[in-house]
Amino acid sequence: MKQQLLNCQNQSGIRNLLKVCVLLLLWNGPGLTVYGQISETDALPLKTKTQKPAEEEKTVLYAAPSAVDLNVQLETWTAGQKAKDPALLKRVASLLAKLNPSLNAEDKLNLTMQVFAEVKPEAREVARAYQLSDQYPVFSNQPHLVEGKADQFYLANLRYYVARNLTQYRMVDQALVIFNTIQPDQLVDPAGYLFYKAVCEHHLLQKEACEKTLTQLLDRTQEIPERYRQLATLMQADLASLKEDSLDEISRKMSDVERRLDLGKSGKDTQKVEDEIIAALDKMIKKMEDQSKNSPSSGAGPSSSGSPEQGADESRVKGSTAPGEVDKKKLSNNGGWGTLPPKKQASAKNIINRNFPSHYRKAIEKYFKKLATEKASSGK
């Protein structure tokens, strides 16, 4: 267990660096000049395939369209909307004139959304509702955002715009629902799609899905911005060190619950994560108790009986049906440790102080205090 705690502390360096980098990227917002630009090459199709033997599955490579290709796509899409208003067509032509090889993929997406908003009232409302601002958007499961697969140029890019911005509001649950409906071969910014999708999966601890998305980004996408490449590499290293039911995973789930509560989300999904945290802590404490029983040196300090087994029984609540099982009772805001006698309170605190590093102990205490406050304010 001590070695596990040391490993957690050593791994925290990579995780903290990753958190800082992702936060800096997300809060700066997309399309800002601070990120620089992607150099354009010759026109690239939205999807190209490498030639392999017939018996092998072909590998799809994703790439942003060139300025020329995107111009053609937007002109074709506008014509398909039966737009005939001369003033509208003039505004669209003015926007298309801004397409040039110096634009990066994020700039191209923003310009594409401007064209969509000029032509379709639906797109105009979406752009207004989910634009980056100081206020959180009110997400609703509108059919054009969540139903069916977004396998067409307009719908795929409209949904990506919404999901990308939701990610920057930390609304990763809703964003991932949309991301999972999008076909990246139709996107103006496929690298951005894969990166932000991986950010959501990483935060929600969807390890296998995140690893797959990162592989697509790093190995099957052309013209990846350097910031995406560096952060994707950090996420891969972070996932490789993440162990199930470890202190590291528990602390991340606590942070996720805190995020959900900050966003006013206290429903079934949040309660499910809370239950997972409690179960993992119970499992870890049970493991520590078992190790304490089996270790001849665990009974440090004076004892009336000198028996390690009796010392373990001392920390067990009377009337419990099995180790780690407790009756569900309402928490009191006035009590710190419930109905435990002072002697057992001291014993429980000593176990926490002895087996958990100080930063994990503080995180656990902070989490349960906040959880109790939320439950008290909601009257539950």
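The values are calculated or read from the model by the stated rules, or taken from the named source; none is laboratory data. Quick caveat, the model's predicted, so the values are computed rather than measured. Here the Cβ positions follow ideal geometry from the backbone for every residue, glycine too, while neighbour counts run over all protein chains shown.
Applying the condition of being surrounded by fewer than 23 Cβ atoms within 10 Å (Cβ to Cβ) and closer than 13 Å to Val172 by Cβ to segment 200-209 and asking which residue is farthest from the chain's Cα centre (by Cα) yields Ala209.
Out of segment 162-210, which residues are within 28 Å of Asp262 (Cα to Cα) and of a type in the set (D, E, K, R)? Within segment 162-210, Arg164, Arg170, Asp173, Lys197, Glu201, Lys207, Glu208 meet the criteria. Of the set (1) within 28 Å of Tyr228 (Cα to Cα); (2) aromatic (Phe, Trp, Tyr); (3) modelled with pLDDT of 85 or more, all apply to Tyr35 but (3). Selection of segment 213-238 for residues being among the polar types (S, T, N, Q) and free of Cβ contacts under 8 Å to residues at least 60 places away in the same chain yields Thr213, Thr215, Thr233, Gln236. Scanning segment 71-92 for residues that are in a helix (DSSP H, G or I), within 40 Å of the chain's Cα centre (by Cα) and not aliphatic (A, V, I, L, M) yields Asn71, Gln73, Glu75, Thr76, Trp77, Thr78, Gly80, Arg91.
Annotation: of all residues in segment 267-289 being β-branched (Val, Ile, Thr) and out of contact with any Gly (no Cβ under 9 Å at 6 or more places or on another chain), the one that is surrounded by the fewest Cβ atoms within 10 Å (Cβ to Cβ) is Ile278. State whether the residues of segment 93-107 include one that is within 23 Å of the chain's Cα centre (by Cα), assigned to a loop (DSSP other than H, G, I, E, B), farther than 19 Å from Tyr193 by Cα and among the hydrophobic types (A, V, I, L, M, F, W, C). No, every residue in segment 93-107 fails to be within 23 Å of the chain's Cα centre (by Cα), assigned to a loop (DSSP other than H, G, I, E, B), farther than 19 Å from Tyr193 by Cα and among the hydrophobic types (A, V, I, L, M, F, W, C). Yes or no: segment 142-154 includes at least one residue that is closer than 17 Å to Glu75 by Cα, surrounded by fewer than 21 Cβ atoms within 10 Å (Cβ to Cβ) and basic (Lys, Arg). Within segment 142-154, not a single residue is closer than 17 Å to Glu75 by Cα, surrounded by fewer than 21 Cβ atoms within 10 Å (Cβ to Cβ) and basic (Lys, Arg). Within the option set Ala150, Ala156, Ala163, Ala198, being in the same structural domain as Pro65 (by TED's automatic domain parsing) and within 24 Å of Ala240 (Cβ to Cβ) holds for one residue only, Ala198. Counting only residues that are surrounded by 11 or more Cβ atoms within 10 Å (Cβ to Cβ) and under 19 Å from Val188 (Cα atoms), segment 70-93 holds 11 of them. On the basis of being touching a helix residue (DSSP H, G or I) at 6+ places or on another chain (Cβ under 9 Å) and at pLDDT below 95, does Glu147 make the cut? Judged against the criteria, Glu147 is not a match. Got at least one residue in segment 270-284 being part of a helix (DSSP H, G or I), under 24 Å from Arg164 (Cβ atoms) and touching a residue at least 24 places away in the same chain (Cβ under 8 Å)? Scanning segment 270-284 turns up no residue that is part of a helix (DSSP H, G or I), under 24 Å from Arg164 (Cβ atoms) and touching a residue at least 24 places away in the same chain (Cβ under 8 Å).
Selection of first residues in segment 130-148 that are free of Cβ contacts under 8 Å to residues at least 60 places away in the same chain and of second residues that are aliphatic (A, V, I, L, M) and assigned to a loop (DSSP other than H, G, I, E, B), restricted to Cβ pairs under 8 Å at least 6 apart or on distinct chains, gives the following pairs, ordered by first then second residue: Pro137/Met171; Phe139/Met171.
Matching residues to (1) touching a Pro at 6+ places or on another chain (Cβ under 8 Å); (2) under 30 Å from Trp77 (Cα atoms); (3) surrounded by fewer than 17 Cβ atoms within 10 Å (Cβ to Cβ); (4) not assigned by TED's automatic domain parsing to the domain that holds Gln114:
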residue	(1), (2), (3), (4)
Leu194	yes, yes, no, no
Thr213	no, yes, no, no
Thr221	yes, yes, no, no
Pro225	no, yes, no, no
Leu231	no, no, no, no
Ser255	no, no, yes, yes
Glu258	no, no, yes, yes
Lys265	no, no, yes, yes
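Checking each residue in segment 144-154 for being hydrophobic (A, V, I, L, M, F, W, C) and part of a helix (DSSP H, G or I) picks out Leu145, Val146, Phe153. For residues that are touching a Ser or Thr at 6+ places or on another chain (Cβ under 9 Å) and over 24 Å from Asn165 (Cβ atoms), tally how many sit in segment 223-250. Residues meeting the conditions: 2.
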